Amino acid sequence: MQSLAGLPAFLVYFCTALVAVILYLFVYTRITPHDEFKLIRDNIPGAAISLGLSLLGFTLPVISAMTHAANVIDCLIWSAIALIVQIIAYFIVRIPVPDLSKRIAAGELAPAIWLGLSSLAAGALNAASMIY
């Protein structure tokens, strides 16, 4: 039974992270001009690649926030910062490829991989920077 003593804290942080992920997906898919979920339903691999790697890029700093946070509110604040960083990364990645969303929607993989891996890199740097 002692092993389950941490279950309430686990549930609080897990549910907090789950809410952060859902909020991230909601905001991120509203920011991008292409409809990721429709494209994924239409079997466009690039949409799944770019969104999936972007989600990983978001969850890395959320994991760091969960590890280092003083409390759940602190975790939510740093998760919000992670969301902002991912949005900024999306707009920066569009600079060298201005028609990025259109090309992803057209099924091109190179722009999707560029966006996804750039989002992952931004998330990794974000997570490593959370050394408070």
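Some observations on this one:
- Residues satisfying the stated conditions in segment 65-88, i.e. open to solvent by 50 Å² or more (accessible area, probe 1.4 Å) and either assigned to a loop (DSSP other than H, G, I, E, B) or in contact with a Pro (Cβ under 6 Å, 6 or more places away or on another chain) (or both): Ala70, Asn71
- Criterion applied to Ala47, Ala121, Ala70, Ala110 was being among the aliphatic types (A, V, I, L, M) and closer than 30 Å to Ala9 by Cβ, and the one residue passing it is Ala70.
- Any hit, segment 76-83, residues being among the hydrophobic types (A, V, I, L, M, F, W, C), farther than 17 Å from Ala122 by Cα and in contact (Cβ under 8 Å) with a residue 24 or more places away in the chain: yes
- Odd one out for Lys102 among (1) under 30 Å from Pro8 (Cβ atoms); (2) in contact (Cβ under 8 Å) with a residue 40 or more places away in the chain; (3) open to solvent by 80 Å² or more (accessible area, probe 1.4 Å): (1)
- Applying the set (1) buried (at least 20 other Cβ atoms within 10 Å of the Cβ); (2) within 14 Å of Ser118 (Cα to Cα) to Gly52 leaves exactly one unmet item: (1).
- Counted residues, segment 95-132 - those being more than 24 Å from Arg41 (Cβ to Cβ) and of a type outside the set (Val, Ile, Thr): 14
- Residues satisfying the stated conditions in segment 105-130, i.e. in contact (Cβ under 8 Å) with a residue 24 or more places away in the chain, more than 14 Å from Ser79 (Cα to Cα) and assigned to a loop (DSSP other than H, G, I, E, B): Gly107, Glu108
- Checked against (1) over 17 Å from the mean Cα position of the chain (by Cα); (2) in a loop (DSSP other than H, G, I, E, B), Lys102 passes all but a single condition, namely (2).
- Neighbours by Cβ (under 6 Å, 6+ apart or cross-chain): first from segment 29-58, at positive phi; second surrounded by fewer than 20 Cβ atoms within 10 Å (Cβ to Cβ) and assigned to a helix (DSSP H, G or I): none
The values are calculated or read from the model by the stated rules, or taken from the named source; none is laboratory data. These figures come from a predicted structure and were not determined experimentally. Every residue, glycine as well, gets a Cβ built from its backbone with ideal geometry; the counts of neighbours run over all protein chains shown. Protein only, heavy atoms only, side chains kept; ligands, DNA and RNA dropped before computing areas. Shrake-Rupley method; radii C 1.70, N 1.55, O 1.52, S 1.80 Å.
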